[in-house]
């Protein structure tokens, strides 16, 4: 089973001691070839995408069985990962891996008066390695991890740092440096934001660590506070936890984990899990989402729509499919996993 990740802007193969499989992960995107014009998109074929079935690329909303998301618009022979929508319904982003040259690019689509534009490479990513985007609650900031240099030409750190671009009427402003959490000596990746101040992400805080865990930090006055590892309901000592997606109301968190005894695949590939936030701020024991969300193949890179109605994720479950496509499903299934009150 092949899994996707980028680390330090190169593709590499790592044998994880908890897995009997070869993992290829993503934490950064390769350079995109677009120009820094600041404006995105051109109108697409309006006969396909103007039925106004939903605010999500005008796709017919799914039920409780996952279906491909907008296959005519975003599916390719490569891999599509981590769909994100702004809360104001103006922008959508996803990552694509070209299967011929193994090049990763970040794509955007813009909602222009109810018509979604053809996805094009992000205009701000033409010179630096960028990736892992997510929006703030109002949709006027697009955050991303980057190796972008400062104005004086210096690189802020050896590993990726957090930046954002202001978004006004779907036009990007100049990138603004935020920083990175302290203490994660082997890097961080796959981030998500709850509200405007709770930053969730994957990282390693031990130089000798093989497995990854999920952390949280706060954004305070434009700075990232000290990283704090989430509790044992989510993180384990034996298995890897990765790629957090937090519900818009902060009530639950869906994430990827591999190697657990309840993984559906006998090849020990990863599944999606859910944990609920308790009143005291701790997290409940994570539960495997099971079928039909998970499958005998691998499910990863979850994200939750800004209205909380849909879960997006990537999977190569289709027959003969090597690289994953984006699926979506009604998030109403989550309620059945919620633990009973103490």
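The values are calculated or read from the model by the stated rules, or taken from the named source; none is laboratory data. What you are looking at is a predicted structure, and each value in this text was computed from that prediction instead of being measured. Cβ sites come from the backbone with ideal geometry, for glycine too, and all protein chains shown count toward neighbours.
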Conditions (1) surrounded by fewer than 21 Cβ atoms within 10 Å (Cβ to Cβ); (2) under 12 Å from the mean Cα position of the chain (by Cα) -> residue 301 fails only (1)
Here, strands (runs of 3 or more DSSP E) confined to the range 35-118 with at least 1 residues that are more than 23 Å from residue 169 (Cα to Cα) and at pLDDT 85 or above are 79-85
(Q) Taking the criterion of being buried (at least 16 other Cβ atoms within 10 Å of the Cβ) and within 23 Å of residue 94 (Cα to Cα), would at least one residue in the range 233-241 satisfy it? (A) yes
Exercise for the section: Answer with yes or no whether residue 273 is buried (at least 19 other Cβ atoms within 10 Å of the Cβ), in contact with a helix residue (DSSP H, G or I) (Cβ under 7 Å, 6 or more places away or on another chain) and modelled with pLDDT of 95 or more. Expected result: no
Note: among 273, 256, just one is closer than 20 Å to residue 340 by Cβ, part of a strand (DSSP E or B) and either in contact with a strand residue (DSSP E or B) (Cβ under 6 Å, 6 or more places away or on another chain) or in contact (Cβ under 8 Å) with a residue 60 or more places away in the chain (or both), namely 273
Subset of the range 227-253, residues farther than 14 Å from residue 192 by Cβ and in a strand (DSSP E or B), comes to 228, 229, 240
Yes or no: the range 250-269 includes at least one residue that is surrounded by fewer than 18 Cβ atoms within 10 Å (Cβ to Cβ) and within 25 Å of residue 56 (Cβ to Cβ). yes
Filtering the range 278-295 for residues that are closer than 23 Å to residue 83 by Cβ and in a loop (DSSP other than H, G, I, E, B) leaves a count of 8
